[in-house]
Amino acid sequence: ILNVEQSPQSLHVQEGDSTNFTCSFPSSNFYALHWYRWETAKSPEALFVMTLNGDEKKKGRISATLNTKEGYSYLYIKGSQPEDSATYLCAFPYGNKLVFGAGTILRVKS
Amino acid sequence: DAGVTQSPTHLIKTRGQHVTLRCSPISGHKSVSWYQQVLGQGPQFIFQYYEKEERGRGNFPDRFSARQFPNYSSELNVNALLLGDSALYLCASSLALGTPGETQYFGPGTRLLVL
């Protein structure tokens, strides 16, 4: 059974706080790791595809890093805004499918 | 361009009934995958179709079936519905067969409630 784990399960922060959360995945047979942002009642939105060890990607105030040797990726949000409130999912490609973590629910209070 | 679309958005059925969910991929995408998401868990893979052929199947009973049409749209069918089939069903499309680094684009899902 392939385990993809995310922590914390949920996070409540104040507007302006910076935050980060973790995705852990199997370190063997790594090809890629996907991050998605999923706002309530909307489609999951692709944020990043991480492929190289040491990779760092950035999109506005959101960035992600990757460590394939130890099997984790961090997602950082700098200066959180209420519109960042969403569930953040990571997914590990395995064969023809994506194996998802359970997600981190982020709530940003104004 | 339109994203992935799914219909219906919500559905209520009773145990034992049958349901058909529909998905239209992004124009030009040939691969469609189906996922089931229950509260508190990440989406779970059900099927992948590419060029009208099943290319992957998750750990779901035979009550679940799917097909892909020549225009690359897809249907997910669930027979003999159980209470536990209540979930959000997501469809995702990608350009090709889904290499590990290829992004899958998701629709908004169909919320199924089985009473």
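FYI, it's all coordinate maths here, none of it is from the lab. This structure is a prediction, so every number in the text was calculated from the model and none was measured. As a convention, Cβ positions derive from the backbone with ideal geometry for all residues, glycine included, and neighbour counts pool all protein chains shown.
The table for this structure:
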read-out	value
Scattering profile of the protein assembly as shown at q = 0.11, 0.14, 0.17 Å⁻¹ [log10 I(q)/I(0), Debye over alpha-carbon scatterers]	-0.54, -0.87, -1.22
Shielding by partners - mean other protein chain Cβ count within 10 Å, residues of B:99-112	5
Cα-Cα P(r), chain B, percent of pairs per 10 Å interval	15, 50, 29, 5
Relative contact order of chain A, defined on C-alpha pairs under 8 angstrom at six or more residues apart (%)	37 percent
Longest site-free stretch - chain B; sites: trypsin sites (Lys or Arg not before Pro), DSSP loop, at most 14 other Cβ within 10 Å	B:64-115
Whole-Å distance, taken between Cα centres, linking the stretch B:22-98 and the stretch A:29-79	24 Å
Spacing of the two label points (7 Å from each Cα toward its C-beta) at A:ARG107 and A:TYR74, in nm	2.6 nm
Chain B: relative contact order in percent, alpha carbon pairs under 8 Å with at least 6 residues between	37 percent
Top of A:LYS59, A:LYS78, A:LYS42 by mean-square fluctuation, Gaussian network on chain A, Cα under 10 Å	A:LYS42
Separation of the B:ARG22 and B:ALA96 label points, Cα + 7 Å toward Cβ, nm	3.1 nm
